[in-house]
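Take a look at the structure set out below.
The values are calculated or read from the model by the stated rules, or taken from the named source; none is laboratory data. Because the structure is a prediction, the values reported are computed rather than measured. In this analysis, Cβ positions are derived from the backbone assuming ideal geometry, glycine residues included, and neighbour counts consider all displayed protein chains.
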């Protein structure tokens, strides 16, 4: 949690805000539910949601700090530039980065979301070690891709026309897919439930991102919402399995 929070907030966020986010994640996101392994919401995303609504000036806007311009004597460390999702949210689509820049991370944004290559390496490590579920990752990508294609078909603006596959490498979609949605505590626990949970995370992330201009990035809200519904999904999956087995036992008993 402590390592993930700095990766999902703007790089120019004041340190006192970062400290407050970590404290909120640990105390409210975890401890009030009984400690590690008992929380119902992803602690890192809970902290980001808290900052998003409590300190919107630090978390929102269409400009973010961008490192560069070393040879410019008028810029000491960086400059402000719009993210690709910020451009779409404000209707400014003339100077968006290429797919190459989106994939390798030559774009403005939070530290964790920029390099998709690094995220894929992290995904491979999580899958190899068994910490992250490949079913959740794959189903979330499929859900996001399907929703992106659906929006492409019914497009009425530039954001809806944005290619579905590029939606997956823009913003924090892949980072959320790999490191947030796969949280073993707050995600679905049943094998079938993981497919449903991940798919709905992907669908909602793109849907919120594109259709609600107030939230240019919908991954956070989508995953938190599905964290709430994950136990319900597992409940119905388990109930369906129990009913199926009971019917099988009845058929066996009748045959005997």
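What to note about this one:
- Condition met for residue 117 (under 30 Å from residue 236 (Cβ atoms) and in contact with a helix residue (DSSP H, G or I) (Cβ under 9 Å, 6 or more places away or on another chain)): no
- Selected residue (only one of 180, 160, 140 is surrounded by fewer than 23 Cβ atoms within 10 Å (Cβ to Cβ), touching a helix residue (DSSP H, G or I) at 6+ places or on another chain (Cβ under 6 Å) and touching a residue at least 24 places away in the same chain (Cβ under 8 Å)): 160
- For residue 118, the test of being in the same structural domain as residue 194 (by TED's automatic domain parsing), over 30 Å from residue 190 (Cβ atoms), surrounded by 13 or more Cβ atoms within 10 Å (Cβ to Cβ) and over 17 Å from the mean Cα position of the chain (by Cα) is failed.
- Tallying residues that are surrounded by fewer than 16 Cβ atoms within 10 Å (Cβ to Cβ) and within 15 Å of the chain's Cα centre (by Cα) within the stretch 123-133 yields 0.
- Test: residue in the stretch 33-53 that is under 21 Å from the mean Cα position of the chain (by Cα), at pLDDT below 60 and not in a helix (DSSP H, G or I): no
- The residue that is nearest to residue 195 (Cα to Cα), among those in the stretch 211-246 that are at pLDDT below 90 and surrounded by 10 or more Cβ atoms within 10 Å (Cβ to Cβ), is 218.
- Residue 203 vs. criteria surrounded by fewer than 24 Cβ atoms within 10 Å (Cβ to Cβ), within 12 Å of the chain's Cα centre (by Cα) and closer than 16 Å to residue 138 by Cβ: yes
- Conditions (1) crowded, with 16+ Cβ neighbours inside 10 Å; (2) more than 21 Å from the chain's Cα centre (by Cα); number of the one not met by residue 29: (2)
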